[in-house]
Each structure stands twice: as structure tokens, then as C-alpha cells.
Amino acid sequence: MERWKTEKSETLLDTPWVKVRRDRVVLPNGAKMDDFYAVTIRDASAIVALDEGGNLILKREYRYCYDRELLEIPAGAFNDGETDPLAVARRELLEETGYVSDCWEYLGPTVESSAKLTNFMHIFLARNCRKVALQQLDATEELTVELVPLSKAVDMVMTNEICCNSSAHGILRAARMVDAV
């Protein structure tokens, strides 16, 4: 499959959290788009965290853009200078839930929105998580932790109660892996 060709690129917004670019592109069939927008946010890590009893550690958090609470796996963006997805995953699991793990598996990067976003969400499976601390939330975070049996979480994905892409992807993938053990 042929690639699109960029004729012109213009940065419209450039902040520490988001960058927006408007490109003029030519498709392989000759069609032109004068205003194709690409949005860059920081890469992030997400964790399918299972406690020692096999329960999935989820977070319930209000999401402004959707004006509702969403149920998700713990996750967070890379900070300035961070390059190691596992280090980010370990930090976010501890900060958001107070849990740690000594058993980590990398499930790979996922694409959140292939049409416009340029970031990757790195997904990890953390087994035998244990609570060692209280949450250490950022000033902009307010969330509650919920423990759910993994099989119930799979059902929640299938009924769209858990609807965030990386959460659903990670839960389904981890459930297949755990069942195979």
C-alpha cells in the first residue's frame, strides 16, 4: 500500500501536553486533503494489574471530555525525560492504586485512535500485585480503586461498561494469557 505524501505541514498548537498539526496531503489515488489534522499527545503506559487473589485492579475516574465517570485500568503518560514504558507503568500503578508487583509482562504498544492521534499506549500485565501504600494522586486526579474478578471484567468489556480502548484491549489479552497458564 502506498503512503500519503505531505505537501505542507503547519503546527497550530504546541504545548507540553498536546501538539496539533495541519497537513496538506496527497493520497496515492491523487486526491488532495488541504486540512488533515494530526494530534500528538505523550506516550503512556497502562497496566492490567491482578492482585494476589486474581482480581483486576481498576480505577473509576471522571473524564471531562465525556462528562462521565469511566472504568479503566491504571494508566498514565510519560513525564518529561521518561523513555522506559515499564518505569512509567510501575510509577502509575503505585501512584494511582497504591499497589506494586514483582511480576511484569509487556503486552506491547497499542494505537488509541489511528485516524488522528500519533501516540502509543504501552500495555503491561502485572501479576500478584500487593497493596503497599496509599494513593499518591496528582492535583488533577480524583479516582477510586475497584477490585473486580478478571472474568467479570471481561464481561464488562463485552457489555461496554468498560469502553476505553486500551483498557478493553489489555483486559481481553490478559484474560486469554491467564486462562492459558
Problem set entry | On Cα atoms only, tilt of 85-97 relative to the major axis of the chain in degrees | 50 degrees
Exercise. When the convex hull of the C-alpha atoms of segment 1-103 is computed, what volume per residue in Å³ does it have?
Worked result: 179 Å³
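First check a/c for segment 94-136, with a ≥ b ≥ c the square roots of the eigenvalues of its C-alpha gyration tensor; if it is under 1.5, answer rounded, and if not, answer prolate when a/b is larger than b/c or oblate otherwise. Working shown, then result.
On the way: a/c = 5.29, a/b = 1.95, b/c = 2.71.
Since a/c reaches 1.5 but b/c is at least a/b, the shape of segment 94-136 is classed as oblate.
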Seminar exercise, completed: Cα-based Debye curve of segment 115-181 sampled at q = 0.18, 0.26 Å⁻¹ gives log₁₀ I(q)/I(0) of -0.93, -1.28
Seminar exercise, completed: Between C103 and A115, the two model label points (7 Å from Cα along the beta-carbon direction) sit apart by a distance in nm of 4.1 nm
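Considering only DSSP states other than H, G, I, E and B, which GluC sites (Glu not before Pro) in segment 113-174 qualify as loop sites with at most 14 other Cβ atoms within 10 Å?
Working: sites: E141, E142, E146, E161; in loops: E141, E142, E161.
Sites meeting the loop and neighbour criteria: E141, E142, E161.
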For this session: State log₁₀ I(q)/I(0) for segment 59-109 at q = 0.21, 0.22, 0.26, 0.29 Å⁻¹ as given by the Debye formula over alpha-carbon point scatterers of equal weight, solvent excluded.
Result: -0.88, -0.93, -1.09, -1.16
Exercise. Restricting to the chain, what percent of DSSP beta bridges are antiparallel, rounded to 5?
Worked result: 85 percent
Problem set entry | Hz values of 3J(HN,Hα) by residue in segment 58-75 - Karplus curve (6.51, -1.76, 1.60), Gly and Pro given as x | 10, 10, 10, 9, 5, 10, 4, 4, 9, 6, 6, 7, 10, 9, 9, 7, x, 6
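What relative contact order, as a whole-number percentage, does segment 1-89 give when Cα pairs under 8 Å and 6 or more residues apart are counted? The partial results should precede the final answer.
Numbers: 147 pairs, mean separation 17.7, N = 89.
After rounding, I find 20 percent.
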Exercise. Any idea how far apart V178 and N165 come out in nm if each label point goes 7 Å out from Cα toward Cβ?
Worked result: 2.4 nm
Exercise. Helix-derived [θ] at 222 nm for the chain: sum -39500 (n - 2.57) over DSSP H runs of at least 4, divide by residue count, nearest 500?
Worked result: -6500 deg cm²/dmol
Exercise. What does the accessible area per residue of segment 3-107 come to in Å², with a 1.4 Å probe and no ligands, DNA or RNA counted?
Worked result: 56 Å²
Exercise. Lysine pairs in the chain 8 or more apart or on different chains: how many have alpha carbons under 19 angstrom apart?
Worked result: 9
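Using a probe radius of 1.4 Å on heavy atoms only, what accessible surface per residue do you get for segment 130-181? Whole Å² is fine.
Working: 3450 Å² over 52 residues.
I get 66 Å² per residue for segment 130-181.
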Exercise. For segment 2-98, which whole-number percentage of the solvent-accessible area (1.4 Å probe, protein heavy atoms only) is attributable to carbon and sulfur atoms?
Worked result: 50 percent
For this session: Please grab the % of Cα pairs in the chain that end up more than 28 Å from each other.
Result: 31 percent
Problem set entry | Cα-projected label distance for L27 with S9, points at 7 Å along beta-carbon direction, nm | 2.1 nm
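The values are calculated or read from the model by the stated rules, or taken from the named source; none is laboratory data. Owing to the predicted nature of the structure, the values given are computational and were not obtained by experimental measurement. Neighbour counts run over all protein chains shown; Cβ positions are idealised from the backbone, glycine included. Ligands, DNA and RNA are stripped out before the accessible areas are found, and what is left, the full protein with its side chains, is counted by its heavy atoms. Shrake-Rupley method; radii C 1.70, N 1.55, O 1.52, S 1.80 Å.
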